[in-house]
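The values are calculated or read from the model by the stated rules, or taken from the named source; none is laboratory data. No experiment lies behind these values; they were computed from the predicted model shown. Note: ideal-geometry Cβ built from the backbone for every residue, glycine included; neighbour counts use all protein chains shown.
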Amino acid sequence: MKIGLVGEAPNDTRAIQNLLGRNYQNVEFVELLQRIDGSMLNNKKAIRQIRREFELQNPDLVIFIRDLDSHEHDRKKRRERQATFTKSNRIIDKKGIHLLHIYEIEALVLADIAVFNEKYNCDIEQPADPMKVADPKEILIAASRKSDTPFNVSHNPDIFNLLNFNILIKNCRYFSAFVKKFNKALT
């Protein structure tokens, strides 16, 4: 099975590819758009480009990866992200599923913070609910400032290669819900 990835490339798409690739070995992941940021995913040109890439790569399923950039109950932001997903999904024959990170993708790093702490010699406490941490990226940057190599979002693919999938499911509700949808779509 071939799964297309659309999101902020390459950092978010490669991070998710590294995370899912270790747990779904019989799946091939391909990035559909190269060098794109979140705001670019809202414009018509990007949506047309997704269609061209979809026809070229011919994936069985496409994961649309986005940061909500807000708390989980922000209806306005959710509607905006859902509208973009709906437009994009329509042009790929409704073969898409949405991976909407509450606040930011770095919430998943907080969900298995032991990996980050070891890599950056930090001591961030495990948050009770990573989805309630308002600015996870800034927390990671601040905590790793004294590290030999402070955290940067370009490190996400390497970090996600180390995260424990089962811990993420246990500690992060939005990721757990996504995995259920993804597993269902694979059958």
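For this structure, a couple of remarks:
Residue by residue, here is whether (1) in contact with a Phe, Trp or Tyr (Cβ under 6 Å, 6 or more places away or on another chain); (2) surrounded by 15 or more Cβ atoms within 10 Å (Cβ to Cβ); (3) in a strand (DSSP E or B); (4) assigned by TED's automatic domain parsing to the domain that holds Tyr174 holds:
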{"position": "Arg52", "(1), (2), (3), (4)": "no, no, no, yes"}
{"position": "Pro59", "(1), (2), (3), (4)": "no, yes, no, yes"}
{"position": "Val62", "(1), (2), (3), (4)": "no, yes, yes, yes"}
{"position": "Asp69", "(1), (2), (3), (4)": "no, yes, no, yes"}
{"position": "Glu72", "(1), (2), (3), (4)": "no, yes, no, yes"}
{"position": "Lys76", "(1), (2), (3), (4)": "no, no, no, yes"}
{"position": "Asn89", "(1), (2), (3), (4)": "no, yes, no, yes"}
{"position": "Lys94", "(1), (2), (3), (4)": "no, no, no, yes"}
{"position": "Leu100", "(1), (2), (3), (4)": "no, yes, yes, yes"}
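- Selection count, the stretch 24-47, where residues are touching a residue at least 24 places away in the same chain (Cβ under 8 Å), farther than 16 Å from Pro10 by Cβ and not in a loop (DSSP other than H, G, I, E, B): 3
- Filter pass, Glu118 being more than 15 Å from the chain's Cα centre (by Cα), at pLDDT 95 or above, in a loop (DSSP other than H, G, I, E, B) and of a type in the set (D, E, K, R): no
- Test: residue in the stretch 170-181 that is over 13 Å from the mean Cα position of the chain (by Cα) and β-branched (Val, Ile, Thr): no
- Screening Ile63 against (1) farther than 20 Å from Val179 by Cα; (2) in contact (Cβ under 8 Å) with a residue 40 or more places away in the chain leaves a single unmet condition, (1).
- The residue pairs whose first member lies in the stretch 165-187 and is within 20 Å of Glu104 (Cα to Cα), whose second member is of a type in the set (Phe, Trp, Tyr) and at pLDDT 95 or above, and whose beta carbons are closer than 8 Å, counting only pairs six or more residues apart or on different chains, are Leu168/Phe175; Ile169/Phe175.
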